[in-house]
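To start, the structure under review is shown below, and the notes come after it.
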Amino acid sequence: MVKPEKYSLRFKWNEHATGVAFILLFILAAVVGWPSFLQVRNLLNILRQISYTGIISLGMTLIIISGGIDLSVGSMTAFAGGITIFFINRFPGDSVFAAASAVLFAAMFGSFCGFINGFMVTKGRIAPFIATLGTMAIFRSLIQYLSGAGNIVSVNAVYPQIGSGVLLGIPVPVWAFLVMAGAMHLLLNNTRLGRYICAVGANEQVARYSAINVSFVKMVPYVITGLTAGLAALLWSSRINCIQPTSDGVNYELDAIAAAVIGGTSMSGGKGSIPGTIMGAIMLGMINNMLVLGGVSSFLQQAARGLVIIAAVLLQYNNNK
């Protein structure tokens, strides 16, 4: 008689750990926040709140899988959002064309900022941590200088409808998050580039021996992350109709990295999934919402995020032993 494999149960737990944690956290949040948590309005509010950093976390997932990191996404979001408002304010009147052009501009400008990071990492051979730490300071400083550290306000009446709009009862930022997630999932799992990103993150030297253009493959995730930061900047700045250069985007990099890591993306590279990152982003939103509904001080929310990140990394380490 064939005996069952000794570690089969452990393997299944490791494979579905994120999903199980998501369900347990949802039940806990429902109990703590009863009955407000399960209201449709509250659930949609959670999704809308996490959609901005959630979009960025999709690109961050690709970067981490490729073996890199990007600490500049928060400052990049404020920078791209401020420059986008400067751009749309140059159009006279409340032009719909100007608002549509702003969408394309934000995506292109964010991609350019991501390209700068990728260029320094691939061509300049600067460690990703150092390169993006530098641009984090540069992007924030530039937008503060250009705005005089004051709010940058849009004068286009159509612009606020982008971020505050609702389609089929669901906020536009949530739709953007879902569409981007679908596109990133297809890229990572159904394209040659996605396979190359995983291969480079797993072992860059072996990938180079396999005739993979490592510099290009490492560059693309930074450009994509810049694109996601530009779109997040557009959605956030249009929702509130302004950008606050000193505070907007602060800690976005923490949330983006946390969502990816909680979702099972390995910090050592080579492994990760978009559905896992989606669940990670939503779990962060549920934690914040649960603390608010439970009457816990808002000052402890960052502490809760930090503990969750540490726990996720510890689980990764123990599962890989």
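The values are calculated or read from the model by the stated rules, or taken from the named source; none is laboratory data. Small disclaimer: the values here were computed from a predicted structure and weren't measured. Cβ atoms come from the backbone with ideal geometry, glycine included; neighbour counts cover every protein chain shown.
Could you tell me whether any residue of the stretch 158-174 is within 17 Å of SER111 (Cβ to Cβ), in contact (Cβ under 8 Å) with a residue 12 or more places away in the chain and within 18 Å of the chain's Cα centre (by Cα)?
No - not one qualifying residue is present in the stretch 158-174.
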Leading residue by the ranking (nearest to LEU188 (Cα to Cα)) among those in the stretch 288-306 that are in contact (Cβ under 8 Å) with a residue 40 or more places away in the chain and within 17 Å of the chain's Cα centre (by Cα): ARG305
Subset of the stretch 46-103 [of a type in the set (D, E, K, R) and in a helix (DSSP H, G or I)]: ARG48
Test for ALA311: is it within 16 Å of GLN49 (Cα to Cα), part of a helix (DSSP H, G or I) and of a type in the set (Gly, Ala, Ser): no
Residues of the stretch 235-269 satisfying the condition of being among the polar types (S, T, N, Q) and part of a loop (DSSP other than H, G, I, E, B): ASN241, GLN244, THR246, SER247, ASN251, THR265, SER266, SER268
Any hit, the stretch 231-240, residues being farther than 24 Å from VAL96 by Cα and modelled with pLDDT of 90 or more: no
Verdict on ARG10 being assigned to a helix (DSSP H, G or I) and at pLDDT below 85: yes
Among (1) closer than 30 Å to SER147 by Cβ; (2) over 18 Å from the mean Cα position of the chain (by Cα) - the single one ASP248 does not satisfy: (2)
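May I ask you to list the residues in the stretch 125-145 that are out of contact with any helix residue (DSSP H, G or I) (no Cβ under 7 Å at 6 or more places or on another chain) and either in contact (Cβ under 8 Å) with a residue 24 or more places away in the chain or not hydroxyl-bearing (Ser, Thr, Tyr) (or both)?
ARG125, ALA127, PHE129, ILE130, LEU133, GLY134, ALA137, ILE138, GLN144 - these are the residues of the stretch 125-145 that are out of contact with any helix residue (DSSP H, G or I) (no Cβ under 7 Å at 6 or more places or on another chain) and either in contact (Cβ under 8 Å) with a residue 24 or more places away in the chain or not hydroxyl-bearing (Ser, Thr, Tyr) (or both).
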Selected residue [touching a Ser or Thr at 6+ places or on another chain (Cβ under 8 Å), surrounded by 13 or more Cβ atoms within 10 Å (Cβ to Cβ) and more than 19 Å from THR225 (Cβ to Cβ)] from SER141, SER147, SER164: SER164
Which numbered condition PHE26 fails, given (1) surrounded by fewer than 19 Cβ atoms within 10 Å (Cβ to Cβ); (2) at pLDDT below 85; (3) in a helix (DSSP H, G or I): (2)
Close pairs from the stretch 194-214: first basic (Lys, Arg), partner in a helix (DSSP H, G or I) and surrounded by fewer than 20 Cβ atoms within 10 Å (Cβ to Cβ), Cβ under 8 Å, at least 6 apart: ARG208/VAL214
Selection within the stretch 148-190 - part of a loop (DSSP other than H, G, I, E, B), on the phi < 0 side of the Ramachandran plot and either modelled with pLDDT of 95 or more or not polar (S, T, N, Q) (or both): GLY150, VAL155, ALA157, VAL158, TYR159, GLY165
Output for the stretch 247-267, where each listed residue is crowded, with 23+ Cβ neighbours inside 10 Å and either over 30 Å from ILE152 (Cα atoms) or free of Cβ contacts under 8 Å to residues at least 12 places away in the same chain (or both): ALA260, VAL261, ILE262, GLY263, GLY264, THR265
Residue match in the stretch 224-240 (condition: of a type outside the set (S, T, N, Q), surrounded by fewer than 24 Cβ atoms within 10 Å (Cβ to Cβ) and on the phi > 0 side of the Ramachandran plot): no
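Being farther than 15 Å from PHE79 by Cα and either modelled with pLDDT under 95 or among the small types (Gly, Ala, Ser) (or both) is the filter here, so list the residues in the stretch 108-120 that pass it.
GLY118 - this is the single residue of the stretch 108-120 that is farther than 15 Å from PHE79 by Cα and either modelled with pLDDT under 95 or among the small types (Gly, Ala, Ser) (or both).
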